[in-house]
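J.: Okay, handing you the structure first.
The values are calculated or read from the model by the stated rules, or taken from the named source; none is laboratory data. None of these values were measured; they are calculated from a predicted model. So basically every Cβ, Gly included, is an ideal-geometry build from the backbone, and we count neighbours across all protein chains shown.
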Amino acid sequence: MKSIFFFKKKSVKLKKLFPKIKITNNFRVDNIKSLSLAKKNDLSFFDKATYLSQASKTQAGACITTENLKKYLNNKTNIIIVKNVLHELSIVLNKMYSSADIDYPDLSLNRPNIKKFKSVKFGNNVLIGNNVQIGKNTIIGSNSIIEHSVKIGENCVIGSGVVIKNSILGDRVVIQDSCKIGLKGFGFIPFKNKNIKFPHIGRVLIFNDVEIGSACTIDRGSIDDTIIGANSYLDNQVHIAHNVKIGSNCMIAGQVGFAGSSIIGDNVSIGGQAGISGHLHIGNNVKIGGGSGVVKNIKDNQVVMGYPAISLKDFIKNNK
């Protein structure tokens with residue numbers, strides 16, 4: 001899908017992105033995508049054994065990887081061997097997207113055009129960027145900022161002091177006061193005593209009937225999107241990092257934190273102040289007790305508690 005938030009340079013030949021590496025198929029690179037989403041004219045990356053199954057099936061035209069992992073890629077993919085995958089990826093992202101490494105202020109912000117948004121109600125001091133779309137009967141609270149190209153569905157309620165950028169919201173979404181949606185995530189690569197900023201070109205997608213409590217922060221995706229599934233509810237002060245995908249009908253209590261790229265199934269309940277580590281898969285119908293620390297995958301229909309999180313039966317047995 002064409003990005004409406006970040007403007008990349010016209011498609012670039014693969015050789016221009018990797019001038020020091022021998023390229024056998026010098027095709028024009030349309031975009032940079034994850035292994036599961038990349039097509040024949042896209043560049044992808046493979047840096048963790050966690051993604052072995054995706055690597056063997058990827059349709060990417062080229063993939064950045066290491067000497068140790070290259071054997072898992074299929075023979076249709078041009079393999080680009082590097083020492084540090086994420087460092088090389090950050091360099092390529094900066095070549096293709098020149099303004100995604102820092103959240104620059106949206107200088108197109110202005111007062112909303114009442115004629116354009118006839119059925120939308122605005123509080124005081126609301127600012128709207130270019131090409132914003134807002135559905136019928138939506139309410140935007142005072143001092144909120146909706147940056148360029150954001151899409152908000154019908155019958156939504158956006159509280160006061162909210163900032164939304166790089167995001168698409170469905171219908172009947174409620175976002176309470178002081179939330180920050182679509183900002184750049186915590187992405188950098190330590191390299192030779194320097195931290196290299198990692199550009200974030202993904203979006204936040206919030207589906208229908210989601211409610212987000214006050215002072216929550218939801219980071220946009222780095223390469224993929226950050227997703228909140230339909231009818232999921234977030235309590236106050238929840239942090240969702242880049243690329244996290246939360247399923248439908250989830251209930252997440254206050255001060256829960258998600259590290260990047262974890263996938264949460266449907267009908268998951270998470271108690272307050274729990275922490276979910278990165279690149280994990282939490283199954284459907286899982287219940288996670290408050291204050292727990294989840295550091296490994298959880299299968300469907302499990303109830304876990306503690307740090308590290310274990311089955312509730314074992315937790316009770318160990319704490320008698």
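J.: Does residue 192 satisfy the criteria of being on the phi > 0 side of the Ramachandran plot and over 21 Å from the mean Cα position of the chain (by Cα)?
T.: yes
J.: Taking the stretch 153-198 as the region of interest, how many residues are closer than 26 Å to residue 229 by Cβ and in contact with a strand residue (DSSP E or B) (Cβ under 8 Å, 6 or more places away or on another chain)?
T.: 28
J.: Are any residues in the stretch 262-289 farther than 23 Å from residue 219 by Cβ and not charged (D, E, K, R), and if so, which ones? Spell out how you get there, then give the answer.
T.: Keep residues of the stretch 262-289 that are farther than 23 Å from residue 219 by Cβ, which gives 267, 283-285, 287, 289.
The answer is 267, 283, 284, 285, 289.
J.: Moving on to the next point. List the strands (runs of 3 or more DSSP E) inside the stretch 116-215, counting only whole elements, that have at least 2 residues being acidic (Asp, Glu), over 25 Å from residue 96 (Cβ atoms) and not assigned by TED's automatic domain parsing to the domain that holds residue 84.
T.: none
J.: Can I ask one more? Got at least one residue in the stretch 67-85 being assigned by TED's automatic domain parsing to the domain that holds residue 208, of a type in the set (D, E, K, R) and surrounded by fewer than 20 Cβ atoms within 10 Å (Cβ to Cβ)? Lay out the reasoning, then the answer.
T.: Going through the stretch 67-85, the residues assigned by TED's automatic domain parsing to the domain that holds residue 208 turn out to be none.
Within the stretch 67-85, none of the residues are assigned by TED's automatic domain parsing to the domain that holds residue 208, of a type in the set (D, E, K, R) and surrounded by fewer than 20 Cβ atoms within 10 Å (Cβ to Cβ).
J.: Which condition does residue 95 not pass, out of (1) at pLDDT below 95; (2) crowded, with 21+ Cβ neighbours inside 10 Å, if it passes all the others?
T.: Single failed check for residue 95: (2).
J.: What number of residues within the stretch 207-249 are in contact with a Cys (Cβ under 9 Å, 6 or more places away or on another chain) and surrounded by fewer than 21 Cβ atoms within 10 Å (Cβ to Cβ)?
T.: Number of matching residues: 9.
J.: Right, next: Any residue at all in the stretch 48-65 that's crowded, with 16+ Cβ neighbours inside 10 Å and within 29 Å of residue 147 (Cα to Cα)?
T.: No; the residues of the stretch 48-65 include none that is crowded, with 16+ Cβ neighbours inside 10 Å and within 29 Å of residue 147 (Cα to Cα).
J.: For the subset of the stretch 250-286 comprising residues that are buried (at least 19 other Cβ atoms within 10 Å of the Cβ) and assigned to a strand (DSSP E or B), which member is nearest to the chain's Cα centre (by Cα)?
T.: Among those residues, the one meeting the criterion is 258.
J.: Now a separate question. Could you say whether any residue in the stretch 265-282 is touching a Phe, Trp or Tyr at 6+ places or on another chain (Cβ under 7 Å) and in contact (Cβ under 8 Å) with a residue 12 or more places away in the chain?
T.: Among the residues of the stretch 265-282, at least one is touching a Phe, Trp or Tyr at 6+ places or on another chain (Cβ under 7 Å) and in contact (Cβ under 8 Å) with a residue 12 or more places away in the chain, which makes the answer yes.
J.: Identify, by number, the condition in (1) in contact (Cβ under 8 Å) with a residue 12 or more places away in the chain; (2) surrounded by fewer than 24 Cβ atoms within 10 Å (Cβ to Cβ) that residue 204 doesn't meet.
T.: Only one criterion is unmet by residue 204, namely (2).
J.: Within the stretch 26-53, track down each residue that is polar (S, T, N, Q) and in a helix (DSSP H, G or I).
T.: Residues satisfying the conditions are 50, 53.
J.: Spot the failing condition for residue 102; the list is (1) under 24 Å from residue 149 (Cβ atoms); (2) at pLDDT below 95; (3) over 26 Å from the mean Cα position of the chain (by Cα), and only one is missed.
T.: So the condition that residue 102 fails would be (3).
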